[in-house]
Amino acid sequence: GAVVSQHPSRVICKSGTSVKIECRSLDFQATTMFWYRQFPKKSLMLMATSNEGSKATYEQGVEKDKFLINHASLTLSTLTVTSAHPEDSSFYICSASRDRGTEAFFGQGTRLTVV
Amino acid sequence: GESVGLHLPTLSVQEGDNSIINCAYSNSASDYFIWYKQESGKGPQFIIDIRSNMDKRQGQRVTVLLNKTVKHLSLQIAATQPGDSAVYFCAENIPFNKFYFGSGTKLNVKP
């Protein structure tokens with residue numbers, strides 16, 4: 001399968017600061033990238049869908065200004081958690097797919113802890 | 001959407017037995033489905049997929065069944081091994097290319 005790399009794998013930040021998470025497709029061009037959030041022992045919750053070169057589509061209840069998504073190229077998408085609070089602590093996972101309606105490959109996830 | 005409830009449902013099986021994990025999906029317009037395996041602290045790993053024009057697909061030791069009438073998916077794992085212990089999610093792809101995850105099932109394989 002294709003490889004999706006997510007960085008960093010773990011990050012601890014102070015309340016009020018911003019954190020950027022990168023998602024890269026290493027061996028394919030990703031038309032679409034997805035960002036998910038996962039709480040302990042829960043399923044993955046889709047936050048937003050981003051297509052290269054266009055604005056991300058956010059799911060209902062997800063704050064656009066809080067979770068900034070940039071899909072600047074076919075191999076890179078970034079999620080920036082702005083003005084982080086302890087309740088933003090979670091496991092964030094990205095995935096990427098080559099084309100619409102094709103399998104999505106996942107990164108290894110980022111454990112964000114806000115103190 | 002987001003799962004509800006405090007804990008993931010757990011399926012315990014004996015090593016060597018067959019496992020069946022079920023999933024109900026929500027959108028009748030979904031046309032593509034994937035089963036993922038997730039180990040603790042890691043991202044989901046692709047297992048097998050199926051499109052809505054099929055009702056069965058087989059892989060190595062795994063079979064996915066799709067019943068569109070009742071919006072139900074199942075994952076069958078033959079000769080379950082300790083390495084199969086993980087949380088399993090189904091994901092549905094709705095038109096316009098969004099993947100939503102089911103609530104997940106924890107598979108516990110007893111040696």
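Please treat every number below as a calculation from the coordinates, not as lab data. Bear in mind the structure is a predicted one, so any value in this text is a computation, not a measurement. Virtual Cβ from ideal backbone geometry, glycine too; neighbours counted across all protein chains shown.
Could you grab the Rg to Rh ratio for the range A:49-115? Cα atoms only, Kirkwood for Rh.
0.97
I need the shape label for the range B:1-76. Rule: rounded when a/c is under 1.5, else prolate if a/b > b/c, else oblate, with a, b, c from the alpha carbon gyration tensor.
Oblate.
Any idea what log10 I(q)/I(0) is at q = 0.11, 0.13, 0.16 Å⁻¹ for the protein assembly as shown, Debye with uniform C-alpha scatterers and no solvent?
-0.54, -0.75, -1.11
Going highest first, how would you order B:50-56, A:29-35 by mean Cβ packing within 10 Å?
Those peptides, ordered most packed to least, come out A:29-35, B:50-56.
Once both labels are modelled 7 Å past Cα along the beta-carbon direction, what's the A:Ser73-A:Arg10 spacing in nm?
Output for this residue pair reads 2.9 nm.
Using a 7 Å offset from the Cα along the Cα-to-Cβ direction at both B:Ser74 and A:Thr82, what is the distance between the two label points in nm, to one decimal?
In this crude label model, B:Ser74 to A:Thr82 measures out at 4.9 nm.
Just checking chain A: which Cys have no other cysteine's beta-carbon under 4.7 Å?
Flagged as lacking a Cys partner: A:Cys13.
In the range A:27-76, what trypsin sites (Lys or Arg not before Pro) fall in a loop by DSSP, with at most 12 other Cβ atoms inside 10 Å?
The qualifying sites are A:Lys55, A:Lys64.
Cα extents of the range A:1-110 along the three principal axes, largest first, in whole Å?
The Cα atoms of the range A:1-110 stretch 36, 26, 22 Å along their principal axes.
Looking at the range A:44-91, which GluC sites (Glu not before Pro) are in a loop (DSSP not H, G, I, E or B) and have at most 11 other Cβ atoms within 10 Å?
A:Glu63
Hey, rough spin-label estimate for B:Asn53 and A:Thr113, points 7 angstrom out along Cα→Cβ, what's it come to in nanometres?
So the label points at B:Asn53 and A:Thr113 sit 5.0 nm apart.
Counting only other chains, and only Cβ atoms inside 10 Å, what mean value do you get across the residues of A:105-112?
That average works out to 3.
Which of the listed residues, A:Leu76, B:Gly41, B:Ala29, is farthest toward the dipole's positive end in the protein assembly as shown, when Lys, Arg count +1 and Asp, Glu count -1 at the beta-carbon?
Result: B:Gly41.
Within the protein assembly as shown, what percent of beta bridges assigned by DSSP are antiparallel, to the nearest 5?
90
Of all DSSP beta bridges in chain A, what percent run antiparallel (nearest 5)?
Looking only at bridges with both residues in chain A, the antiparallel portion is about 90 percent.
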